[in-house]
Each structure stands twice: as structure tokens, then as C-alpha cells.
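Peer 1: Got a structure for you, written out below as C-alpha cells; questions coming shortly.
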Amino acid sequence: MRNVLLILMYFLTTVYCQEQKTRIINLDDALQIALENNNLIKIAEYDLEKSRSKLTEARSGLLPKINASGQYTHNIKKPVIFLPPGLPFGPVMEIGSDHAYAGVISATIPIFAYPIYSGLSLASSGVDLAEESFTGTKAKTIADVKKAFYGVLFAHEFKNLMQASLKNAMDNLENVRKLQKQGIVAEYDLIRAEVQVENVKPLVLQAENGYELAKNSLKTILGLSADEKIEVQGELKYKEEEIYNLDQILTAIKSNNPDLRQLDLQVKMTKEMVTLEMSNHLPTLAAFGNYQYQAQANDLKFKDYHWVNTQFVGLQLQIPIFNGWGTQSKVEQAKITYQQALERQKLITETIYIQAQNAIFKLEQAKKRISGQDKAIEQATKGYEITKSRYANGIATHLEVNDAELALTQAKVNYLQAVYDYLSAKA
């Protein structure tokens, strides 16, 4: 008995935990989860961090470069210098000692290096581009989440509709069986009713599978695990709103669309790349300094060493004269890339404008379809009720009942599809 109770408690606890794992999500929850977990947003955020790091790297070119080094040399054969003939020291003379030590600190700082300034400007634009890309990714993710969420709602409503249709078919089958036993309807009607039930069952299964697939698509966009159970909270409802004005939309797009702002920055960066390549024709000037501390001896008595230091500073001027037309070729390539960016900007800008026009057109068409399907559902409902009543009184055939129910179901599906299309176009 005790073991049975333990098993029962374990079963109930397991069921409870499974139920607790199901996450209920409304649209606001879905948007919040996506902004925190979506992989594309995380990738865009990493790109933004990388671009900021590149800007720091570019700024480092303006700062001094300081290096320290130490060196020990054991001269197995000491270095020599060659002497002119006739000197009493012979033709060669050894220099240095068996052991040599040197510590060096060197520093350089650019005074004028136009490529550094061009690179800094390019890196700064790269940060702006990454920020716009991050903003655009968030905007696209929000739109995708809304459409996926509406898709789940549509699949849920469609599933309920198919299940209701199956229930109606089964109720109708039961009613026909009773009428057939009473001799009111023919056996053919019973066969038709049985076939109708069997025809609807696959549609119910397909709708249930479609609902699960829609939830999986939503989980992917939200960045949730495929194993996590979710249920959506909300209704696929249409709310009367004014039709968007195309001119207002296009004006807003020109000012706010992150894709267009990215294009502007890409054009700007390719133009800056031309300047960067052209700057390689210019001279560069840098200051440098060196401090060296050294000693040499033939033994290892460090305390007796005589340490000396040397110091120097200077300026280095580099003037590019000829490098085989390499710089000019890079300039020409950068100019071509700039022209390509301009053409790409024109193409994508027009594409975005057309997409906006299409979205507004879909909104208008969806509103008309919603209005029409409202009336269609009302009429189909009346027709179905009348046909059922006529059939019960032996006036109508079972085929007419099936046709009336099919018309009602189709009207409801069309209405749901129109509402979904409206909300998706709006998103």
C-alpha cells in the first residue's frame, strides 16, 4: 500500500512539474523575451562591441609606442674590425668582451600621419554603422516576433475551428443515425455523414500539427529551447484603424528606417576609404627616442661592471615616391567600391519604398476582406441553421447540409486569414 501511495505521489508530482514548465506568453512577453534571447540580436550586439574595439584600436595610432627590451650576449668569438695596412695592431683587431648586457627603452609618436586620421574616421563610422545594424536587427526581430505570434494565434484559431467542425460532423452523424433508425432518412445519408466525419479527421490532425509547428517557429525567433513548452495568450482580433498615409510613411522611412541609415553610412565609409587610400601618397612624420643602458666584461663579477647609458632623439620623415602604382590601383578600387555603394543605395531604397507601398496595399485589401467575410459568416451561419432545420424536417438533403457547413467553415477561415494578413502587414 505504501509503495502504491509513493508511486501515485511521484506521478502527481511529475504531472504537476510538467504543467508548471509550460510557459504562458502574451505578445508583450514574446517581444521582451526576443529582445533578451534572440540570437541575431546577440550577434548584432557582438558586432557593435567589436566595432567599438576597432575604434579604440584606431585611436591607439595617435598615442606613443613605447617598447622595452633586454639582451645578453656571450661572445664565443669576439667581433673584429679590419684595420688599414701598416698599423702596429695588425690587419684585424678584436673588440668587445666575452659578456655583453644591454637594456633598451625606445619610443615613437606620430606627428603627422594622415592615414591614421582617415582610419580613425573610418572606424568611427563603423561604430555608427554597427549601431544602426543593431537597431535594424531589433526592429526586424520585433516585426518577425509579431508575425510569428499572430501565426500561432491563427493556427490556434484554425485548430479550434477544425475541431468544432469535427464535433459538428460527429453530432450530425449521431443525429442521422437516429433519423435513419426511425426511417426518416435513407441509408445513403448515413454513409455520407460517416464519410464526412472521416474526411474532417485528417484536417483536425493537420491543424493540430500546424499549431505545434507555429509554436516551434515562435520559439526559434524568441531564442527559447525547442524542448520548452509554451502556450500563447491572446486573440486574433481586428481593431478598426485608419489607413496609413503613403506619403507620411515614406517620409518616416527616409528619416527613421535603419536599413536606409545603414546604406547612408556604408556610402560614407566607402568614400572615406577613397580618402584613406589617397592619403598613402602623403608623407608621414614621426618623433622617436631611445635610451640604452649597457655593460661589457670578460668575467661575471657584476659588482665591478662599469655601466654606461646612451640616449638619442630624432625625427623621421617618410616620403612615398614610387611603389609600382600599387597605391593608385588601391585608390581606383576604392572609387569603384564607392560607386557600387551608391548604386546599391539607390536599388535598396527603391525596394524599401515599394515594400512600404505593398504593405499599405495589403492593409487596405485585408480591411476590405475582413468587412466582406464578416458579412459572409453572418449569411453562412443563417444558411447553415436553415439547412439543418430543413433537413430535420425532411425537406433538404444531407448533401445540402454538408455544403452549408463547408461554406460556413470556409467563411470563418477566410476571415481569420484576412485578420492575420492585416496584422502581419501592419507589423
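The values are calculated or read from the model by the stated rules, or taken from the named source; none is laboratory data. Nothing here was measured: the structure is a model prediction, and the numbers come from that model. Here Cβ is always computed from backbone atoms with ideal geometry, including for glycine, and neighbour counts include all displayed protein chains. Just the protein is used for accessible areas: all its heavy atoms, side chains included, with ligands, DNA and RNA removed. Shrake-Rupley method; radii C 1.70, N 1.55, O 1.52, S 1.80 Å.
Peer 1: Quick test for you: out of T349, T337, T327, pick the one residue that is hydroxyl-bearing (S, T, Y), part of a helix (DSSP H, G or I), touching a residue at least 40 places away in the same chain (Cβ under 8 Å) and in contact with a Ser or Thr (Cβ under 6 Å, 6 or more places away or on another chain). Step through it out loud before you land on a result.
Peer 2: Numbers: T349 fails: in contact with a Ser or Thr (Cβ under 6 Å, 6 or more places away or on another chain); T327 fails: in contact with a Ser or Thr (Cβ under 6 Å, 6 or more places away or on another chain).
On inspection, the qualifying residue turns out to be T337.
Peer 1: Cβ contacts < 8 Å: first residue assigned to a helix (DSSP H, G or I), restricted to segment 130-154; second residue acidic (D, E), any location; separation 6+ or different chain. Result?
Peer 2: A130/D47; S133/D47; F134/E45; F134/D47; G136/D259; L153/E235
Peer 1: Take segment 331-357 and flag every residue that is open to solvent by 90 Å² or more (accessible area, probe 1.4 Å) and modelled with pLDDT of 90 or more. Spell out the reasoning first.
Peer 2: So in segment 331-357, the residues open to solvent by 90 Å² or more (accessible area, probe 1.4 Å) come out as 333, 336, 339-340, 343-344, 346-347, 350, 355.
Those that are open to solvent by 90 Å² or more (accessible area, probe 1.4 Å) and modelled with pLDDT of 90 or more: Q333, I336, Q339, Q340, E343, R344, K346, L347, E350.
Peer 1: Can you tell me how many residues within segment 161-194 are of a type in the set (A, V, I, L, M) and more than 48 Å from the chain's Cα centre (by Cα)?
Peer 2: Taking segment 161-194 first, the residues of a type in the set (A, V, I, L, M) are 161-162, 164, 166, 169-170, 173, 176, 179, 184-186, 190-191, 193.
From the residues that got through so far, the ones that are more than 48 Å from the chain's Cα centre (by Cα) too are 173, 176, 179, 184-186, 190-191, 193.
Within segment 161-194, residues that are of a type in the set (A, V, I, L, M) and more than 48 Å from the chain's Cα centre (by Cα) number 9.
Peer 1: Among the listed residues Q379, Q357, which satisfies the condition of being over 44 Å from the mean Cα position of the chain (by Cα) and in a helix (DSSP H, G or I)?
Peer 2: Numbers: Q357 fails: over 44 Å from the mean Cα position of the chain (by Cα).
From the options Q379, Q357, the qualifying one is Q379.
Peer 1: Going by the structure shown, is E49 modelled with pLDDT of 90 or more, out of contact with any Leu (no Cβ under 9 Å at 6 or more places or on another chain), within 26 Å of D227 (Cβ to Cβ) and not aliphatic (A, V, I, L, M)? Before the answer, list the steps.
Peer 2: Numbers: modelled with pLDDT of 90 or more: yes; out of contact with any Leu (no Cβ under 9 Å at 6 or more places or on another chain): yes; within 26 Å of D227 (Cβ to Cβ): no; not aliphatic (A, V, I, L, M): yes.
Answer is no for this residue.
Peer 1: Pairs, please: C-beta under 7 Å, at least 6 apart or cross-chain, first residue within 29 Å of L173 (Cα to Cα) and in segment 199-221, second of a type in the set (K, R) and assigned to a helix (DSSP H, G or I)?
Peer 2: A207/K159; E208/K159; Y211/K159
Peer 1: Considering each of Y391, Y422 in turn, give the residue that is open to solvent by less than 20 Å² (accessible area, probe 1.4 Å), of a type in the set (S, T, Y) and more than 38 Å from the chain's Cα centre (by Cα). Walk me through it before giving the result.
Peer 2: Numbers: Y422 fails: more than 38 Å from the chain's Cα centre (by Cα).
Unique residue meeting the criteria: Y391.
Peer 1: The conditions are (1) open to solvent by 30 Å² or more (accessible area, probe 1.4 Å); (2) over 16 Å from S424 (Cβ atoms), and S165 fails exactly one of them. Which is it?
Peer 2: Tallying (1) open to solvent by 30 Å² or more (accessible area, probe 1.4 Å); (2) over 16 Å from S424 (Cβ atoms), S165 fails exactly one: (1).
Peer 1: Sticking with this one: Filter segment 71-91 down to residues that are farther than 19 Å from N298 by Cβ and open to solvent by less than 70 Å² (accessible area, probe 1.4 Å) and give me whichever is farthest from the chain's Cα centre (by Cα).
Peer 2: Result: G90.
Peer 1: Within segment 320-330, take every residue that is of a type outside the set (G, A, S) and open to solvent by less than 80 Å² (accessible area, probe 1.4 Å) and give me the one that is farthest from the chain's Cα centre (by Cα).
Peer 2: Going through segment 320-330, the residues of a type outside the set (G, A, S) turn out to be 320-323, 325, 327-328, 330.
This time we only want the ones that are open to solvent by less than 80 Å² (accessible area, probe 1.4 Å), so: 320, 327-328.
Details: P320: 44, T327: 37, Q328: 38 Å.
Selected residue: P320.
Peer 1: Any residue in segment 263-277 that is under 18 Å from I116 (Cβ atoms) sitting within a Cβ distance under 7 Å of a residue that is assigned to a helix (DSSP H, G or I) and among the polar types (S, T, N, Q)? List the pairs, counting only those 6 or more apart or interchain.
Peer 2: Between residues of segment 263-277 that are under 18 Å from I116 (Cβ atoms) and residues that are assigned to a helix (DSSP H, G or I) and among the polar types (S, T, N, Q), the close pairs are M269/S125; E272/S118; E272/S121; E272/S125; M273/T337; T275/S118; L276/S118; E277/T327.
Peer 1: With respect to I116, determine if the residue is of a type in the set (V, I, T), farther than 30 Å from L218 by Cβ and surrounded by fewer than 12 Cβ atoms within 10 Å (Cβ to Cβ). Give the steps one after another, and end with the answer.
Peer 2: On the way: of a type in the set (V, I, T): yes; farther than 30 Å from L218 by Cβ: yes; surrounded by fewer than 12 Cβ atoms within 10 Å (Cβ to Cβ): no.
Taking the combined requirement at face value, the residue does not satisfy it.
Peer 1: Does A58 meet the test of being surrounded by 10 or more Cβ atoms within 10 Å (Cβ to Cβ), of a type in the set (A, V, I, L, M, F, W, C), more than 30 Å from T220 (Cβ to Cβ) and modelled with pLDDT of 85 or more?
Peer 2: Values: surrounded by 10 or more Cβ atoms within 10 Å (Cβ to Cβ): yes; of a type in the set (A, V, I, L, M, F, W, C): yes; more than 30 Å from T220 (Cβ to Cβ): yes; modelled with pLDDT of 85 or more: yes.
So A58 fits the description; yes.
Peer 1: Report, by residue number, each residue of segment 119-133 that is under 20 Å from the mean Cα position of the chain (by Cα), open to solvent by less than 40 Å² (accessible area, probe 1.4 Å) and not small (G, A, S).
Peer 2: Once the filter is applied, which keeps residues that are under 20 Å from the mean Cα position of the chain (by Cα), open to solvent by less than 40 Å² (accessible area, probe 1.4 Å) and not small (G, A, S), segment 119-133 yields V127, L129, E132.
Peer 1: Hey, another quick one. What number of residues in segment 281-308 are open to solvent by 70 Å² or more (accessible area, probe 1.4 Å), without any contact (Cβ under 8 Å) to a residue 60 or more places away in the chain and over 14 Å from Y114 (Cβ atoms)?
Peer 2: So the count comes out to 6.
Peer 1: With the requirement that a residue be open to solvent by 20 Å² or more (accessible area, probe 1.4 Å) and not hydrophobic (A, V, I, L, M, F, W, C), what does segment 394-410 give you?
Peer 2: The answer is G394, T397, E400, D403, T409, Q410.
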